[in-house]
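The values are calculated or read from the model by the stated rules, or taken from the named source; none is laboratory data. Fair warning: this is a prediction, and the values are worked out from it, not measured in the lab. Here Cβ is always computed from backbone atoms with ideal geometry, including for glycine, and neighbour counts include all displayed protein chains. Quick note on the areas: whole protein, heavy atoms, side chains included, nothing else; ligands and nucleic acids left out. Shrake-Rupley method; radii C 1.70, N 1.55, O 1.52, S 1.80 Å.
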Amino acid sequence: MEPAEAADRARDAAALWSVGYVTSAELVEAACDLLVTGHDGTTLAMLAGVRSRDADMEVPELLEAALSDVGLVYYPPGSRAGAEAAVKTLARRVLTGAMEPSALTVWAYQTFGPGTLELADRLVELDDAYDFVEFSDTTEQDLDAEVIAEARRIVTPADLKPGSGRGGQYQARRLRAGRGGDDAGLGQVRVSAEGRLRRGAG
């Protein structure tokens, strides 16, 4: 593993940890990878030395300083910045083929739900569409293509996007009325009304 790859993995793990998608123990592993590939830092070394059984207690105390050691951003659990970084991280995985498009929409719906995080809103809508694809003239392949297009929009810097808004790629289409107007905070897991529990491996 190259130093840059280790840094990218640690960056992604930190973002996903802030929304509960990865465990504290996985951050310890990421810290070990950073050290092995040549990164350095006093707190980083302390983080890498945390035992797995103590990770949930010790990682939150060390993480911010350890990330600072290597110039990475710390996202507090439940923060909007962390949520947006997590969405971008999993969108990149879809674009590289490491995550199924439908798994991304399931995660977005279960983690944020409708109207909670603007960056994830279209993914939440597309999760509704997957639920009712058999009752529409849209195929799963069509929806996969829309998710991939949305993932590309999410990870593309705003100053590189053509036009404005959603770039005119498509307009949001709801195949089903929204799933309620609850105002639960970021990071709360929601399960779809149909009881679908499928979740993509990160």
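Close contacts from segment 38-61, counting a first residue that is touching a residue at least 60 places away in the same chain (Cβ under 8 Å) and closer than 18 Å to residue 4 by Cα and a second that is open to solvent by 90 Å² or more (accessible area, probe 1.4 Å) and among the aliphatic types (A, V, I, L, M), with Cβ to Cβ under 9 Å and a gap of 6+ residues or different chains, come to none at all. Would you confirm whether any residue within segment 84-93 is open to solvent by 70 Å² or more (accessible area, probe 1.4 Å) and touching a residue at least 60 places away in the same chain (Cβ under 8 Å)? There is at least one residue in segment 84-93 that is open to solvent by 70 Å² or more (accessible area, probe 1.4 Å) and touching a residue at least 60 places away in the same chain (Cβ under 8 Å). Counting the residues of segment 118-152 that are open to solvent by 60 Å² or more (accessible area, probe 1.4 Å), assigned to a helix (DSSP H, G or I) and either over 16 Å from residue 99 (Cα atoms) or of a type in the set (Lys, Arg) (or both) gives 5. Residues in segment 2-28 that are open to solvent by 50 Å² or more (accessible area, probe 1.4 Å) and closer than 13 Å to residue 66 by Cα: 11 only.
The residues listed here are 103, 98, 108; of these, the one that is without any contact (Cβ under 8 Å) to a residue 24 or more places away in the chain and open to solvent by less than 20 Å² (accessible area, probe 1.4 Å) is 108.
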